[in-house]
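These notes are about the structure you will find just below.
Here, each number is a calculation from the coordinates, and none is a lab measurement. Keep in mind the model is a prediction, meaning the values are calculated, not measured. Please note: Cβ atoms are built from the backbone with ideal geometry, for glycine as well, and neighbour counts cover all protein chains shown.
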Amino acid sequence: MRSPTLTLPKLGVGLAYQAPLAPLLAAVGPDLDYVEVVPDILWTDLGRTAEPRYVDDRAGRAALEQASHGRPIVAHGIGLSIGSAGEFDAAHVEQVERWRRRLGFPWHSDHLAFHLAEHGDALMNVGITLPLPRDRESIELLVPRLREVRQRVPVPFLLENNVYYFDIPACEMDEPTFLNTLCRESGCGLVLDLHNVYTNARNHGFDAGAMLSELELEHVGEIHVAGGMELDGFYLDAHSDTIPDPVWSLLEWTLPRCPNLGGVTFELFGSWFESVGNARITADLRRLRALWTHVVHPAPRRCAAEPVSALAFQTALARLIVDPDFRDAVRGDGVAALPGPLTALEASRLVTIAHDRGVDMNRTLHKGFRLGKLRALLPLTCALLTPARLAREVAAFWQANPPASFSFLPEALEFCAFLERRRLRSAYLTEVLAYERATLELERARFGPAPPQSVCFRHDPVRLLGTLAAGRRPRSVPPRPCLLLGSKDGDTAARWTLVDAVTPSSRYDHAHAADTDSGAKGITT
Ligand SMILES: [Fe+2]
């Protein structure tokens, strides 16, 4: 079962609100897009049996709204304890909804953990988020609660992957499987806290990147980043510093892979603001903003402003492959050899590519393909020329005739005309070339009317064509002045009739011709 697609506004970069950070919020300007607040600080909870239970903090609200400077406010709760095995705190969810209506949270979140446990008739608040067993039983507990949260608060709800300094042994699922399953079955999304992933990986010795690669990142609606500190052999998710390099690396890998991401939030406890310093915090926010802008709103491609240059670029690139003179000119003269219009980037790329050995490999492949087509359409002519002679003639032909299309029939006819103009001193070439050219002309009948063809032979065409068709070089073919008359209707095979200049009434069928060393099929005489 797949969860519904998360639909979050793409806000950008946020900062977890703490009262000491208010001056920073005022000064940071456009590098910050939203403010994230722990909504629980906006009220005092007098307990589940108190009436009224909640006392709202109006002064706190005013301070938050002033500090946010009109930026959107996102809620990130700590009080739900959604994983508590005891009673689900629906009243807490209703309190979040009241504040959503006041502050307009586009989404809200809490922690995938528990901190409230029953202790006799009272609740014990551990004060830290404790891990849940990654078992089916936990899924069964959470899914109906998550549905209820989504019903009571009509904006997307996200759960944050927990940091844990001990793991629960013998869980049925690993962490990615547990998170994926929970999101799929409940329809909630994730706050993916990359510093939590880093902290857990460091403390428990697993590969954070491998863990992330197993996670279904379409469930991620928000990312958290932070810094931490060492204490007693542990690395702590202390929110006490700027973002460490390994977390930047995780972010750079993860960010482009989260299609439904609404924002990236930097978490820093206010008590560390003085020691970390305004400059370092601001630098991290700017770096986050640049990464967000690059990934979520990538700059238009440079060629987009000059769409015609893409055509010119591809033309030049193709010429590097098919035209060795052009390739050598670019190698020698650089940008000066390139026709416009090209952007500076495209011209630079082309000059670099011209020197790449891959261009020569492409040319080899290109020539093989093009020659293969000629061999297929003009097999007897190609067989008659020696390989070296064929290579020279083809090279000279290609020099003057760039490949125009992948319909090679016109190219083969052009090659025939080219060879005819060359007046090569080659025995039998004139007759064989004329026969194959006429055959190609008849092939045009597939595309339209084909006029009848006549080919004049001075040597026995049955012997000559049959020998070539058998893969042998013809030698001492006896003279036989004659005409081959060809016709073709549509998709039927070409029909050839030999008209002998000496005995014009004589006729041979194909079987008879085969007896006389002929492979030139379909010729009747
Ligand atoms: Fe977090």
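Brief remarks on what is shown
- Sites GLU87 and ASP174, calculated FRET efficiency, Cβ-Cβ separation with R0 30 Å, nearest 0.05: 0.50
- Between LYS10 and ALA391, residue separation times 0.36 nm minus the direct Cα-Cα distance comes to 131.1 nm.
- The longest stretch of the chain left intact once loop-based trypsin sites (Lys or Arg not before Pro) with at most 15 other Cβ atoms within 10 Å are removed from consideration, loops following DSSP, is 49-300.
- Cα long-axis angle, helix 136-152 against the chain (0 to 90 degrees, to the nearest 10): 80
- Charge dipole magnitude, Cβ of K and R +1, D and E -1 - segment 8-62, Cα centre, debye nearest 20: 80
- Each Lys or Arg adds one and each Asp or Glu subtracts one; over the other residues with Cβ under 9 Å from the Cβ of GLN453, this totals +1.
- Total formal charge among the other residues, if their Cβ is under 14 angstrom from that of CYS416, Lys/Arg +1 and Asp/Glu -1: -1
- For the chain, the average shadow cast by the Cα convex hull is 39.4 nm², which is a quarter of the hull's surface.
- Surrounding net charge for PHE206, when Lys and Arg each add one and Asp and Glu each subtract one, Cβ distance under 12 Å: -4
- Using a Förster distance of 30 Å, the FRET efficiency for GLU420-THR364 (Cβ separation, nearest 0.05): 0.55
- Full-stretch length increase - GLN151, ASP121 - with 0.36 nm per residue and alpha-carbon distance subtracted: 7.9 nm
- Against the chain, whose longest principal axis is taken from its Cα atoms, helix 307-322 shows a tilt of about 50°.
- Each of SER81, LEU385, PRO39 was scored by the projection of its Cα onto the charge dipole of the chain, and the greatest displacement toward the positive side belongs to LEU385; charges sit on the C-beta of Lys, Arg, Asp and Glu.
- Only the Cβ atoms of Lys and Arg (+1) and of Asp and Glu (-1) were treated as charged; on that basis the dipole of segment 121-170 about its Cα centre amounts to roughly 280 debye.
- Over the chain, DSSP H runs of length four or greater, each weighted -39,500 (n - 2.57), average out per residue to a 222 nm ellipticity of -13500 deg cm²/dmol.
- Whether segment 103-233 is rounded, prolate or oblate, judged on the alpha carbon gyration tensor where a/c under 1.5 counts as rounded: rounded
- Taking 0.36 nm per residue of sequence separation and removing the Cα-Cα distance, the GLN314/THR282 pair yields an extension gain of 7.2 nm.
- Rounded to 10°, Cα long-axis angle of helix 194-204 versus longest principal axis of the chain: 80
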